[in-house]
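The next block holds one structure in the form of structure tokens; read it before the comments.
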Amino acid sequence: MDNKERNKIVRSFNSKWKYRYDKEQYGMNDAWKIIYSEDEKGKLVGDCEDYALSILWRLSGESHLKMWWLLLTHQAGICLVGPSKWKVSHAVLRYKGEWVDNWTKKFGPKSAIEKNHTFHIFYGYGWAYITAFKMVISKIVRTIKD
């Protein structure tokens with residue numbers, strides 16, 4: 001996928017994006033979820049990790065297999081950042097050497113993310129098993145709550 005197509009996907013998603021805390025939406029502190037469809041108001045609703053996962057899924061041609069291939073081969077990652085290298089408060093997508101999040105809303109260099117955040121010393125690399133673990137745990141908790 002070239003940068004023009006990649007940026008078109010991000011712009012399209014951003015045009016419908018609405019931020020909502022997991023606590024408000026799911027009644028839990030952290031729920032890693034791909035936003036597949038719009039809500040009743042035509043919005044794609046979620047928080048920072050939902051944004052990162054949902055953009056990646058769309059960049060993967062809406063294919064879970066391709067998305068997980070990108071994560072496992074480290075071509076993409078959901079990287080955790082925060083106010084220091086020891087504290088996590090935000091998630092960003094690393095995709096083929098560039099970064100995007102729901103603050104910048106466009107792909108750019110790592111330095112654009114670092115204007116507001118510090119990459120976590122361990123979770124800042126976007127390891128696939130962290131993403132898998134977070135998604136599975138949040139699905140289990142959401143299922144139990146329902």
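Every number in this text was worked out from the coordinates using simple rules, so none of it is lab data. The structure displayed is predicted, hence computed values, not measured ones. With ideal geometry, Cβ positions are generated from the backbone for all residues, glycine too; neighbour counts draw on all protein chains shown.
Kindly provide the helix-only [θ] at 222 nm of the chain, computed as the sum of -39,500 (n - 2.57) over DSSP H runs of four or more divided by all residues, to the nearest 500 deg cm²/dmol? Don't skip to the end; give the middle numbers.
Working: 6 runs with 63 residues, N = 146.
Calculated at 222 nm, the ellipticity per residue is -13000 deg cm²/dmol.
The chymotrypsin sites (Phe, Trp or Tyr not before Pro) of the stretch 88-146 that meet both conditions, a loop assignment by DSSP and at most 14 other Cβ atoms within 10 Å of the site Cβ, are F122. The smallest convex shape that holds all Cα atoms of the chain, its convex hull, gives 108 Å³ per residue. Going from the residue with the fewest nearby Cβ atoms within 10 Å to the one with the most, T118, T131 rank T118, T131.
Restricting the GluC sites (Glu not before Pro) of the stretch 61-132 to loop positions (DSSP other than H, G, I, E, B) with no more than 15 neighbouring Cβ atoms within 10 Å leaves E62. Neighbour counts of other Cβ atoms within 10 Å put C79, C48 in the fewest-to-most order C48, C79. Treating only the Cα positions of the stretch 61-124 as identical point scatterers, give the base-10 log of I(q)/I(0) from the Debye formula at each q in 0.20 Å⁻¹. Values returned for q = 0.20 Å⁻¹ are -0.76.
For the chain, which span is the longest to avoid every loop-located (per DSSP) member of trypsin sites (Lys or Arg not before Pro) having at most 12 other Cβ atoms inside 10 Å? Walk me through the intermediate numbers first.
Working: sites that count: K41, K96, K115.
So the longest stretch without any such site is 42-95.
Which is farthest toward the positive dipole end of the stretch 1-143 among V10, G42, P83, measuring Cα position about the Cα centre, with Cβ charges +1 (Lys, Arg) and -1 (Asp, Glu)? Value: V10.
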